[in-house]
Amino acid sequence: NNSIAPGTLDMDDNQKILMGTGDDLEIFHDGSNSIINDAGTGTTRLQNGGSTKLEVASTGVNVTGDMVASGNVTAYSDAKLKTEISSIDNALDIVGKLRGVNYKWLSNGQADIGVIAQEVEEVVPEVVKTSEDGTKSVDYGRLVSILINAVNELKEEIGGK
(Lines give C-alpha, C1' and ligand atoms only; values in the text may rest on other atoms or scores of the structure.)
Protein backbone atom coordinates (compact mmCIF):
# COMPACT_ATOMS: atom_id res chain seq x y z
CA ASN A 1 0.00 0.00 0.00
CA ASN A 2 2.93 2.31 -0.53
CA SER A 3 2.97 4.91 -3.27
CA ILE A 4 5.98 6.71 -4.66
CA ALA A 5 5.87 10.33 -5.72
CA PRO A 6 7.05 11.11 -9.26
CA GLY A 7 10.81 11.48 -9.52
CA THR A 8 13.87 9.36 -8.96
CA LEU A 9 13.82 6.21 -6.86
CA ASP A 10 17.34 5.75 -5.51
CA MET A 11 18.05 2.37 -3.89
CA ASP A 12 21.21 0.63 -2.76
CA ASP A 13 22.31 -2.69 -4.27
CA ASN A 14 20.26 -5.73 -3.22
CA GLN A 15 17.34 -3.58 -2.07
CA LYS A 16 14.30 -5.05 -3.77
CA ILE A 17 11.12 -3.61 -5.17
CA LEU A 18 8.49 -6.23 -4.32
CA MET A 19 5.19 -6.40 -6.15
CA GLY A 20 2.09 -8.57 -6.16
CA THR A 21 0.24 -10.48 -3.52
CA GLY A 22 2.89 -12.56 -1.81
CA ASP A 23 5.66 -10.40 -3.33
CA ASP A 24 5.79 -12.60 -6.46
CA LEU A 25 7.79 -10.06 -8.47
CA GLU A 26 11.20 -8.73 -7.42
CA ILE A 27 13.20 -6.04 -9.19
CA PHE A 28 16.69 -5.23 -7.93
CA HIS A 29 20.38 -4.77 -8.70
CA ASP A 30 22.87 -7.06 -6.96
CA GLY A 31 25.93 -4.88 -7.55
CA SER A 32 26.76 -6.46 -10.92
CA ASN A 33 23.47 -7.55 -12.48
CA SER A 34 20.00 -6.07 -12.87
CA ILE A 35 17.43 -8.72 -12.01
CA ILE A 36 13.71 -9.15 -12.56
CA ASN A 37 12.62 -12.29 -10.71
CA ASP A 38 9.06 -13.52 -11.19
CA ALA A 39 8.32 -16.19 -8.59
CA GLY A 40 4.64 -16.33 -9.53
CA THR A 41 2.88 -19.07 -11.44
CA GLY A 42 2.13 -17.07 -14.58
CA THR A 43 4.33 -15.62 -17.28
CA THR A 44 6.54 -12.53 -17.41
CA ARG A 45 5.82 -10.32 -20.40
CA LEU A 46 7.43 -7.34 -22.08
CA GLN A 47 4.83 -5.38 -24.01
CA ASN A 48 4.93 -2.58 -26.53
CA GLY A 49 1.70 -0.66 -27.02
CA GLY A 50 -0.22 -3.39 -25.20
CA SER A 51 1.12 -6.10 -27.52
CA THR A 52 3.28 -8.84 -25.97
CA LYS A 53 6.69 -8.93 -27.66
CA LEU A 54 8.62 -11.18 -25.24
CA GLU A 55 7.14 -13.74 -22.88
CA VAL A 56 9.02 -15.87 -20.37
CA ALA A 57 7.11 -18.91 -19.16
CA SER A 58 8.03 -22.16 -17.41
CA THR A 59 8.22 -23.81 -20.85
CA GLY A 60 10.68 -21.29 -22.34
CA VAL A 61 10.74 -17.94 -24.10
CA ASN A 62 8.34 -16.77 -26.79
CA VAL A 63 9.10 -13.82 -29.06
CA THR A 64 6.45 -12.12 -31.18
CA GLY A 65 7.92 -10.46 -34.25
CA ASP A 66 11.33 -10.73 -35.83
CA MET A 67 14.25 -11.67 -33.63
CA VAL A 68 17.77 -10.52 -34.49
CA ALA A 69 20.91 -11.69 -32.69
CA SER A 70 24.16 -9.77 -32.96
CA GLY A 71 26.01 -12.96 -31.98
CA ASN A 72 25.66 -16.67 -32.65
CA VAL A 73 22.53 -18.61 -31.77
CA THR A 74 23.38 -22.16 -30.70
CA ALA A 75 21.75 -25.22 -29.17
CA TYR A 76 23.27 -27.96 -27.02
CA SER A 77 24.50 -30.85 -29.16
CA ASP A 78 27.21 -32.46 -27.01
CA ALA A 79 27.42 -36.27 -27.20
CA LYS A 80 27.64 -36.44 -23.40
CA LEU A 81 24.02 -35.22 -23.25
CA LYS A 82 22.67 -37.97 -25.53
CA THR A 83 21.94 -41.68 -25.47
CA GLU A 84 20.80 -44.28 -28.03
CA ILE A 85 22.48 -42.38 -30.90
CA SER A 86 21.85 -43.71 -34.41
CA SER A 87 22.04 -42.33 -37.94
CA ILE A 88 18.93 -41.09 -39.71
CA ASP A 89 18.18 -43.69 -42.38
CA ASN A 90 16.30 -43.01 -45.61
CA ALA A 91 16.90 -39.28 -45.28
CA LEU A 92 16.50 -38.80 -49.02
CA ASP A 93 13.02 -40.34 -48.83
CA ILE A 94 12.17 -38.07 -45.91
CA VAL A 95 13.32 -34.96 -47.78
CA GLY A 96 11.31 -36.10 -50.80
CA LYS A 97 8.16 -35.94 -48.68
CA LEU A 98 8.80 -32.34 -47.60
CA ARG A 99 7.64 -29.32 -49.58
CA GLY A 100 9.21 -25.89 -49.63
CA VAL A 101 6.71 -23.10 -50.27
CA ASN A 102 6.49 -19.39 -51.08
CA TYR A 103 3.84 -17.50 -49.12
CA LYS A 104 2.79 -14.17 -47.62
CA TRP A 105 2.22 -13.61 -43.92
CA LEU A 106 -1.40 -12.79 -43.00
CA SER A 107 -0.19 -10.31 -40.36
CA ASN A 108 1.69 -7.96 -42.70
CA GLY A 109 1.53 -9.28 -46.28
CA GLN A 110 5.32 -9.78 -46.35
CA ALA A 111 6.55 -12.41 -48.82
CA ASP A 112 8.54 -15.28 -47.35
CA ILE A 113 9.64 -18.88 -47.94
CA GLY A 114 9.58 -21.94 -45.71
CA VAL A 115 7.49 -25.01 -45.02
CA ILE A 116 4.02 -25.68 -43.62
CA ALA A 117 4.27 -27.05 -40.06
CA GLN A 118 1.30 -29.40 -40.43
CA GLU A 119 2.88 -30.99 -43.54
CA VAL A 120 6.27 -31.36 -41.83
CA GLU A 121 4.64 -32.85 -38.74
CA GLU A 122 3.28 -35.73 -40.84
CA VAL A 123 6.83 -36.62 -41.94
CA VAL A 124 9.14 -35.47 -39.12
CA PRO A 125 7.06 -34.82 -35.98
CA GLU A 126 10.21 -34.33 -33.86
CA VAL A 127 10.84 -30.88 -35.40
CA VAL A 128 7.32 -29.47 -34.89
CA LYS A 129 6.15 -27.85 -31.66
CA THR A 130 2.57 -26.90 -30.83
CA SER A 131 1.89 -23.91 -28.57
CA GLU A 132 -0.84 -23.81 -25.94
CA ASP A 133 -3.16 -22.05 -28.43
CA GLY A 134 -2.55 -24.78 -31.05
CA THR A 135 -0.23 -22.75 -33.32
CA LYS A 136 2.53 -24.92 -34.79
CA SER A 137 6.19 -23.98 -35.31
CA VAL A 138 9.08 -25.72 -37.06
CA ASP A 139 12.59 -26.03 -35.67
CA TYR A 140 14.37 -25.46 -38.99
CA GLY A 141 17.79 -26.05 -37.45
CA ARG A 142 16.89 -29.64 -36.59
CA LEU A 143 15.95 -30.31 -40.22
CA VAL A 144 19.64 -29.85 -41.11
CA SER A 145 20.52 -33.33 -39.79
CA ILE A 146 18.11 -34.89 -42.30
CA LEU A 147 19.48 -32.74 -45.12
CA ILE A 148 23.07 -33.75 -44.26
CA ASN A 149 22.19 -37.43 -44.46
CA ALA A 150 20.18 -36.89 -47.66
CA VAL A 151 23.24 -35.29 -49.31
CA ASN A 152 25.40 -38.19 -48.12
CA GLU A 153 22.89 -40.69 -49.56
CA LEU A 154 22.92 -38.84 -52.91
CA LYS A 155 26.70 -38.86 -52.87
CA GLU A 156 26.71 -42.65 -52.39
CA GLU A 157 24.17 -43.08 -55.21
CA ILE A 158 26.41 -41.26 -57.69
CA GLY A 159 29.47 -43.22 -56.60
CA GLY A 160 31.15 -40.66 -54.36
CA LYS A 161 32.79 -41.43 -51.07
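Please report, as a whole percent, how much of the solvent-accessible surface of the chain comes from carbon and sulfur atoms (probe radius 1.4 Å).
Of the solvent-accessible surface of the chain, carbon and sulfur hold 50 percent.
Please report the base-10 log of the normalised intensity I(q)/I(0) for segment 1-74, using a Debye sum with one equal scatterer per alpha carbon and no solvent, at each q in 0.22, 0.23, 0.27 (1/Å).
Ignoring solvent entirely, the Cα scatterers give -1.19, -1.21, -1.24.
State the dimensionless ratio Rg/Rh of segment 74-161 (Rg: radius of gyration of Cα atoms; Rh: Kirkwood radius).
Rg/Rh: 1.03.
Within the set K53/K104; K16/K136; K97/K136; K16/K80; K104/K129; K97/K129, which residue pairs have Cα atoms separated by over 29 Å? It would help to have the intermediate numbers written out before the result.
Working: K53/K104 21 Å; K16/K136 39 Å; K97/K136 19 Å; K16/K80 39 Å; K104/K129 21 Å; K97/K129 19 Å.
As for pairs spanning more than 29 Å Cα to Cα, those are K16/K136; K16/K80.
Using modelled amide H (1.01 Å from N, peptide plane; none on Pro or chain starts), what sits under 5 Å from the amide H of D24, excluding residues fewer than 5 places away?
The list, which skips near neighbours in sequence, is M19.
Per residue, what accessible area does the chain have, given a 1.4 Å probe and all protein chains present, in Å²? Present the calculation step by step, with values, prior to reporting the outcome.
On the way: 13390 Å² over 161 residues.
I get 83 Å² per residue for this part.
What FRET efficiency, computed as 1/(1 + (r/R0)^6) with R0 = 25 Å and r the Cβ-Cβ distance, is obtained for N90 and S131, rounded to the nearest 0.05?
Values: r = 30 Å, r/R0 = 1.20.
Once the sixth-power term is evaluated, E becomes 0.25.
Rounded to the nearest 0.05, what FRET efficiency do D78 and D112 have when you use their Cβ-Cβ distance and R0 = 30 Å?
0.40
Please report, to one decimal in angstroms, the Kirkwood hydrodynamic radius of the chain built from all distinct Cα-Cα pairs.
With all distinct Cα pairs of the chain included, I get 20.8 Å.
Do any chymotrypsin sites (Phe, Trp or Tyr not before Pro) in segment 1-108 lie in a DSSP loop with no more than 13 other beta carbon atoms within 10 Å, and if so, which?
Here the sparse-neighbourhood loop sites are Y76, W105.
Which whole-percent values make up P(r) of segment 36-130 when all C-alpha to C-alpha distances are grouped in 10 Å steps starting at zero?
Bins of 10 Å from zero give 10, 25, 37, 21, 6 percent of pairs.
Using alpha carbons only, how many degrees (0 to 90, rounded to 10) separate the axis of helix 140-157 from the longest principal axis of the chain?
20 degrees
For labels at Y140 and A57 in the simple 7 Å Cα→Cβ model, what's the distance in nm?
Once both label points are built, they end up 2.3 nm from each other.
For the chain, what does -39500 (n - 2.57) per DSSP helix run (n ≥ 4), summed and divided by total residues, give at 222 nm, in deg cm²/dmol to the nearest 500?
Working: 3 runs with 31 residues, N = 161.
Helix-only estimate at 222 nm: -5500 deg cm²/dmol.
The values are calculated or read from the model by the stated rules, or taken from the named source; none is laboratory data. Values in this document were obtained by computation on a predicted structure and should not be read as measured data. Cβ: placed from backbone, ideal geometry, glycine included. Neighbour counts: every protein chain shown. Protein only, heavy atoms only, side chains kept; ligands, DNA and RNA dropped before computing areas. Shrake-Rupley method; radii C 1.70, N 1.55, O 1.52, S 1.80 Å.
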